[in-house]
Amino acid sequence: MSIQPSDAETAHRKVMPFQKYKPFPKIDLKDRTWPDQEIKTAPKWCSVDLRDGNQALIEPMSPEEKQRLYDLLVDVGFKEIEVGFPAASQTDFDFVRKIIDEDLIPSDVTIQVLCQAREELIKRTCEAVAGAPRVIFHLYNSTSTLQRRVVFGMSQEEIIKLATDATEIVKANTRELVASGTEVVLEYSPESFTATEMDFAVDICAAVMAVWAPTGDEKVILNLPSTVEMATPNIYADQIEYFIKRLPNRDQAIISLHTHNDRGTGVAASELGLMAGAERIEGTLFGNGERTGNCDVITMAMNLFSQGVDPELYLSDMPRIVEVSESCTKIPIHVRQPYAGDLVFTAFSGSHQDAIRKGMAYVESGSDGAWEVPYLPIDPADVGGSYRETVRVNSQSGKGGVAFILENYFGVHLPRELLVELSPIIQRVSEQDGGELKADMIWSTFVSEMVEVPGPYQLLSYEVKSTGADRETCQAVIKISESEMQISGEGSGPIDAFVAALSQSINEALNVVDYQEYAMNEGSNAKAISIIALSDGEGQKHFGVGISANTTTASFNSIIAALNRKWRQ
Ligand code: KIV
Ligand code: ZN
């Protein structure tokens with residue numbers, strides 16, 4: 001009989017008020033071509049970490065933090081960096097002055113400054129950038145249908161006039177800068193582009209371009225923000241393609257994208273927007289920005305990389321990028337952050353670990369060099385990680401994970417049968433601990449289970465002598481419980497002789513049925529590991545492992561460990 005939940009238990013299960021929300025209208029684009037496009041080259045990247053990212057911090061960056069992040073952005077290879085909103089913040093103003101006055105802008109980097117379409121702000125921004133070799137003057141005003149109605153109470157014509165007047169003011173106020181040798185590029189953002197009627201967005205951008213009147217090779221950057229992400233990324237791509245197809249003098253514009261991540265698809269929208277014809281991407285490291293953030297440039301660049309496209313950013317020292325970003329923003333990177341989080345190349349599941357191990361072996365054993373490893377979209381080594389870190393062991397992991405840790409951390413390769421014995425023991429320890437088993441814990445469990453096995457047998461000393469013709473004798477002193485015993489035997493080698501000595505003294509038929517010995521570590525403190533399986537009088541097989549700098553001692557220790565394991569059973 002099924003038990004029905006009580007009314008009290010289901011009282012919270014009210015239908016969510018979904019009727020409150022309207023679906024985003026489709027874009028009237030019948031002949032869309034973007035779904036068939038591929039991204040084959042990296043876009044122009046522009047970092048907006050020091051502006052959009054900084055603006056969204058609980059505690060905005062100090063001048064030192066701005067400087068540190070700026071240095072990182074230059075190092076990572078950004079050629080365009082929005083360094084602040086100097087008319088809105090004295091810290092930003094001072095920072096812009098500092099990097100200009102102290103000559104901290106590399107010759108291949110252009111700084112960008114944001115400014116609202118207001119005369120006094122435009123003038124102040126021009127003061128901030130005086131003396132820079134090249135500047136992108138980023139002018140913006142909101143064009144959104146809702147904001148025009150609810151916030152500004154302005155018609156489309158009035159908004160166009162606001163934008164074109166502001167462009168005139170920028171032109172007039174930058175004339176002096178240009179005369180004194182600064183190259184000025186105009187970037188115009190119809191803020192809330194995605195919430196604007198598309199034809200109006202085209203009209204206002206065309207009007208701004210007409211006022212700026214780029215000549216020759218000069219282009220205007222038209223930046224089309226999804227200031228708040230409100231629809232699926234295909235809608236954004238439709239909007240971009242629609243806009244580009246209708247923009248007059250398209251060849252005089254660089255189409256730039258600036259997505260936010262409210263629906264969690266900021267990167268996807270930027271990617272589809274590129275397919276729709278855009279050329280430039282604004283975003284931030286790890287997507288730091290207003291609310292749910294901006295387009296995450298690292299993810300987007302690494303996505304290109306994983307498709308065999310040069311991302312034109314240098315992301316190989318990901319741990320340093322994470323460290324600087326976390327310390328400047330004071331926002332931790334999530335463990336599942338694509339390409340950068342602590343767990344993103346980690347497999348806990350036994351079957352995944354096994355597949356990774358086999359994939360790695362395949363890649364290393366002379367495939368065509370292409371990366372083909374299941375569960376790992378890229379080689380962790382390409383972003384400063386290591387293959388070793390891909391496998392971690394918890395109660396979900398099987399023998400594959402244990403084998404991986406022993407092999408990769410300690411150079412120990414166990415036979416399958418021994419692994420089958422060891423892995424449930426490790427699993428039990430992990431279940432008791434309730435968490436991850438680190439490599440040192442796996443090692444100590446292995447040692448106490450297989451190597452230094454508590455029991456009555458102990459090897460105190462031994463002497464092996466050759467009697468010629470492939471025969472050796474072994475004299476040893478062993479301890480069984482509290483009694484010391486002299487034993488001796490003869491065989492085809494030291495192991496054979498020692499096993500013969502033991503068999504006689506404890507009166508049990510012992511035979512070596514499996515044996516391997518190899519060097520564990522390279523270097524001066526190299527040790528040998530001996531893995532042995534003895535069969536007893538009843539034909540039962542017992543594994544034991546010995547470790548020593550001396551190969552004979554390692555073998556004898558493994559035999560003693562096997563006897564103690566037999567006794568323990
Ligand atoms: O998200 C946005 O619309 C912006 C603009 C200022 C470009 O950050
Ligand atoms: Zn933004």
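The values are calculated or read from the model by the stated rules, or taken from the named source; none is laboratory data. Computed from a predicted model, the values in this text were never measured in an experiment. All Cβ positions, glycine included, derive from the backbone under ideal geometry; neighbour counts span all protein chains shown. Only protein heavy atoms, including side chains, enter the accessible area calculation; ligands, DNA and RNA are left aside. Shrake-Rupley method; radii C 1.70, N 1.55, O 1.52, S 1.80 Å.
Collect the residues in region 235-259 that are assigned to a helix (DSSP H, G or I), more than 16 Å from ligand 1 (Cβ to nearest atom) and closer than 18 Å to Arg280 by Cα, keeping them in residue-number order.
The answer is Ala237, Asp238, Glu241, Tyr242, Ile244, Lys245, Arg250, Asp251, Gln252.
May I ask you to verify whether Asn141 is within 16 Å of ligand 2 (Cβ to nearest atom) and open to solvent by less than 60 Å² (accessible area, probe 1.4 Å)?
It is true that Asn141 is within 16 Å of ligand 2 (Cβ to nearest atom) and open to solvent by less than 60 Å² (accessible area, probe 1.4 Å).
Quick check on Val208: is it under 28 Å from the mean Cα position of the chain (by Cα), away from ligand 1 (no atom under 13 Å from the Cβ), at pLDDT 95 or above and open to solvent by less than 30 Å² (accessible area, probe 1.4 Å)?
No: the conditions fail for Val208.
Residue-by-condition table, conditions (1) of a type in the set (Val, Ile, Thr); (2) under 28 Å from Met230 (Cβ atoms):
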site: Glu290; (1), (2): no, yes
site: Asp296; (1), (2): no, yes
site: Met302; (1), (2): no, yes
site: Leu313; (1), (2): no, no
site: Met318; (1), (2): no, no
site: Ser325; (1), (2): no, yes
site: Thr329; (1), (2): yes, yes
site: Tyr339; (1), (2): no, yes
site: Ala347; (1), (2): no, no
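Conditions (1) among the small types (Gly, Ala, Ser); (2) closer than 19 Å to Phe543 by Cα; (3) in contact (Cβ under 8 Å) with a residue 12 or more places away in the chain; (4) surrounded by fewer than 20 Cβ atoms within 10 Å (Cβ to Cβ), marked per residue:
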residue: Tyr387; (1), (2), (3), (4): no, no, yes, yes
residue: Ser397; (1), (2), (3), (4): yes, no, yes, no
residue: Gly401; (1), (2), (3), (4): yes, no, yes, no
residue: Gly435; (1), (2), (3), (4): yes, no, yes, yes
residue: Gln458; (1), (2), (3), (4): no, yes, yes, yes
residue: Val464; (1), (2), (3), (4): no, no, yes, yes
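Kindly state which helices (runs of 4 or more DSSP H) lie completely within region 270-375 and contain at least 1 residues that are under 30 Å from Leu419 (Cα atoms) and of a type in the set (Gly, Ala, Ser).
The qualifying helices (runs of 4 or more DSSP H) are 350-364.
Considering only region 200-207, I want to know if a residue exists there that is under 19 Å from Val48 (Cβ atoms) and either in a strand (DSSP E or B) or touching a residue at least 60 places away in the same chain (Cβ under 8 Å) (or both).
Within region 200-207, none of the residues are under 19 Å from Val48 (Cβ atoms) and either in a strand (DSSP E or B) or touching a residue at least 60 places away in the same chain (Cβ under 8 Å) (or both).
Within the bounds of region 75-90, is there any residue that is over 28 Å from the mean Cα position of the chain (by Cα) and assigned to a helix (DSSP H, G or I)?
yes
Being crowded, with 22+ Cβ neighbours inside 10 Å, of a type in the set (Phe, Trp, Tyr), away from ligand 1 (no atom under 16 Å from the Cβ) and at pLDDT 95 or above, is that true of even one residue in region 303-322?
Within region 303-322 (the criterion being crowded, with 22+ Cβ neighbours inside 10 Å, of a type in the set (Phe, Trp, Tyr), away from ligand 1 (no atom under 16 Å from the Cβ) and at pLDDT 95 or above), the answer is no, since none of the residues qualifies.
Check whether at least one residue in region 264-272 is touching a helix residue (DSSP H, G or I) at 6+ places or on another chain (Cβ under 7 Å), of a type outside the set (Gly, Ala, Ser) and within 16 Å of ligand 1 (Cβ to nearest atom), and report yes or no.
There is at least one residue in region 264-272 that is touching a helix residue (DSSP H, G or I) at 6+ places or on another chain (Cβ under 7 Å), of a type outside the set (Gly, Ala, Ser) and within 16 Å of ligand 1 (Cβ to nearest atom).
Output the residues belonging to region 112-131 that are among the hydrophobic types (A, V, I, L, M, F, W, C), within 16 Å of ligand 1 (Cβ to nearest atom) and surrounded by 20 or more Cβ atoms within 10 Å (Cβ to Cβ).
Correct list: Val113, Leu114, Cys115, Ala117, Ile122.
Can you run down the residue pairs with Cβ atoms below 9 Å, 6 or more apart or on separate chains, where the first is in region 208-230 and charged (D, E, K, R) and the partner is within 10 Å of ligand 1 (Cβ to nearest atom)?
Within 9 Å, the pairs are Glu229/Thr194; Glu229/Thr259; Glu229/His260.
Taking region 39-58, which residues are within 14 Å of ligand 2 (Cβ to nearest atom), buried (at least 22 other Cβ atoms within 10 Å of the Cβ) and not polar (S, T, N, Q)?
The answer is Cys46, Val48, Asp49, Leu50, Arg51, Asp52, Gly53.
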